[in-house]
1. Under 19 Å Cα to Cα from residue 199, which lysines show up? Leave out anything in the same chain fewer than 8 places away.
2. Measuring from label point to label point, each 7 Å out along Cα→Cβ, what is the residue 569 to residue 320 span in nm?
3. Give the Rg/Rh ratio for segment 403-545, taking Rg as the radius of gyration of the Cα atoms and Rh as the Kirkwood radius, to two decimals.
4. Could you sort out which of 268/315; 441/550; 567/597; 376/603; 304/344 sit more than 29 Å apart by Cα distance in this structure?
5. Could you put 214, 625 in order of accessible surface area, largest first, with the 1.4 Å probe and the full protein assembly present?
6. I'd like the FRET efficiency for residue 475 and residue 531, computed as 1/(1 + (r/R0)^6) with the beta carbon distance as r and R0 of 30 Å, rounded to 0.05.
7. Given R₀ = 45 Å, what would the calculated FRET efficiency be for residue 141 paired with residue 18, taking r from the Cβ atoms and rounding to 0.05?
8. Residue separation times 0.36 nm, minus the C-alpha to C-alpha distance between residue 201 and residue 229: what's the value?
Amino acid sequence: MKFIHWKDLTDEQKNARLKKIFGAAAVIFIVILILLLMRCEGCSSESTKKKRDFGDGKGHAYGEEISGAGLFNDEYGKDSEDYTLVDSQADIDAEQKRKIEEEVLAKKALEEAESKKAAEEAAEKELAAKKLAEKKAKEEAERKELEEEKAKKIAEQIAKQAAKEEAKKAEEAKLKKQKAEAEKTRKAEEERRKAEAKKLAEEKRIAEEKIAAEKAAEEKRLAEEAAQKSLEAARKKAEEDKLAEERSKAKLDDIAKRLAETSSEAEKQKLLEEGVKLAEELAKSGIENDAAHYIVSQDAQKKKDYKRALTELEKAIKLNESNYLYYYDMGKLQYMLRRYEDAKGSFLHSISLNNKFPPSVYNLGLTYVKLNNEDKALESFKKSVTINPDYEKGYIEQARVYNRQGKLEECVKAYDKMINMFPDNTSAIMELGSVYYQYGKYEESEAQYKKALSKLSKSEEKTLTLYNLSKVLYDDGKYDEANRYGWNAYDERDFLLNDAQQANITYNYALIQEKLGKIDEAIRLYNEALQLNPTHIKTKINLSALYMSKENPDTDKAMLLLDEAYKANSEDFSINNNLGTAYMQKENYPMAISFYKAALGIKNDDEDALFNLANAQVKNGDLSEAINNFKQVTAKDPENLEAYVGLAKAQLQAGDAQGSYKNLLYVRGKNPSFRKAEVDSLIALIEDSL
């Protein structure tokens, strides 16, 4: 239920509630009055009292008990009234009359109260209405007074504004009149001046026309003389420009020819600078010249701007399609851009224009090599030296073709022929040494590298030759001599500006130290190689193996190196095999098995990896798989007694004592001293159990 405060009620709501309150109060007053007038019938009338003995101790009671015979069939109060017993009808009437009178008096009092209240409310309303009317009348009078005052002020302002505008119009009319008079005077003066100016202008025009006529005659005479002189000068300059152009073209043709013939880089650079300057001068003059475009193309090639070089060559060919040099250079550019078919066509066209130019024939041979046509390539290289017997590059490429074709005898003959013709060509000597090494002819390879060394002073080339010779000697089992040349290469490694090459030199020398049993020195050198080239995988593989083979293995260092190597090349056999060994040392046999299997996935016929896998499977309890792998090793290599011992031990653990005994006896029969104590102990153990 929501309560509303008295202060929040409107006047009408307040009056309505007051009426209700006063009405309720009047009713309550009348009810109370009636109750006070009522009396207990048993106490007020002597005639209604029954005679009884109060000595029974039950006290006073009103009325009589109703006997059981007076009940209405247990329907209490049905069709019955509550009667009050009285003595006579007269008493009843008197009582009723009294009650009626009291009710009338109460009603009259209530009506008078309501009438009085209504009169008071009407008076209050009348007074309020009177006050409101007075207030409105006063406000209306004030409003009218304000409006009258405002209208008066507006009228005054309008009057003032009208007077001001009138005065302004009078002033403007006065000014307009004065201005018209001044304009009239000005126009009259202007007309006078115009007349005077016209007269002076006419006099001036006549004088100027006379002077201009005299000047024109003089200028015409001078112009005719100047035109004659200019014509003479132009003719002379044209003759000089033509001679200069012819000289420039001849010079450019000469430069183009010398560029193709020279082998000196310094001379070539000098010719290019001179030629480019001449070409630029011709271009500024608007003269198109094929030799100029050719030289600019040569300069662009040197700067590795191959797109511009091609564009300039195309312009040169368009101006002169009969110059073999242009097609030769076009072929070279196409070759560098790996457009070998296009290059072949350009070289063939160059040869068709001049078949006595060895570079075109030689480069055609190189293009055939790229197109996998070794026979055609060989034919071109032979033709290049037929044209020019001193063309060195033609001989060495013949030897390389024979080498790629696997024709060792012809290859050696080609190299020998070239070396005899050009004994100072150490590159050919070293290449021949590499060819012998490739075919496993270590003695012959060693001889060639030593021959090259005898012709070389300390240099990058000599350091690399020392390195190659040490590798040949190492593979030939000449470790002490390999160590000597390996040291010389390592000592002179600073001639190599490339850190990766220095790392290879250092790695090679470390490999030799490892072979000679100098493990600590090998470890130091391997670490030095990694400082030079942190991505050198072979170094990481070998160094990891050394860490694991130490008396106290440093498996953590080994695994760190192998993890790095594995990230670089997860398909390397040695990396996977060594990781398997590292996990074996860590006794993590499932991981070891995983990496050994990965290694075998790369080289499935490697006995060492298969042997390692079998050992890891024994450690992991995979005995049947281990036995099978040991048997594969022994089947491939019956001399691998280590595998037989491993097989026997696995069989013994698997409960195959007979198989184990047989393999142990095989080991004893092959080599009685091989792991004698262990083999004898196992045989004795089996014999005791049989």
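The values are calculated or read from the model by the stated rules, or taken from the named source; none is laboratory data. Predicted model, so just to flag it, every value in this text is computed and none were measured. Glycine also receives a Cβ, built like all others from the backbone with ideal geometry; neighbour counts cover every protein chain displayed. Accessible surface areas use protein heavy atoms only, side chains included; no ligands, DNA or RNA. Shrake-Rupley method; radii C 1.70, N 1.55, O 1.52, S 1.80 Å.
1. Straight-line reach from residue 199, under 19 Å: 187, 210.
2. According to this spin-label approximation, the distance is 5.2 nm.
3. Checking Rg against Rh, the ratio lands at 1.01.
4. Working: 268/315 22 Å; 441/550 35 Å; 567/597 18 Å; 376/603 38 Å; 304/344 21 Å.
In this structure, 441/550; 376/603 exceed 29 Å between Cα atoms.
5. Numbers: 214 115, 625 85 Å².
So, going from the largest accessible area down, we get 214, 625.
6. Working from the Cβ atoms, E equals 0.65.
7. Numbers: r = 37 Å, r/R0 = 0.82.
E between residue 141 and residue 18, to the nearest 0.05, is 0.75.
8. 6.1 nm
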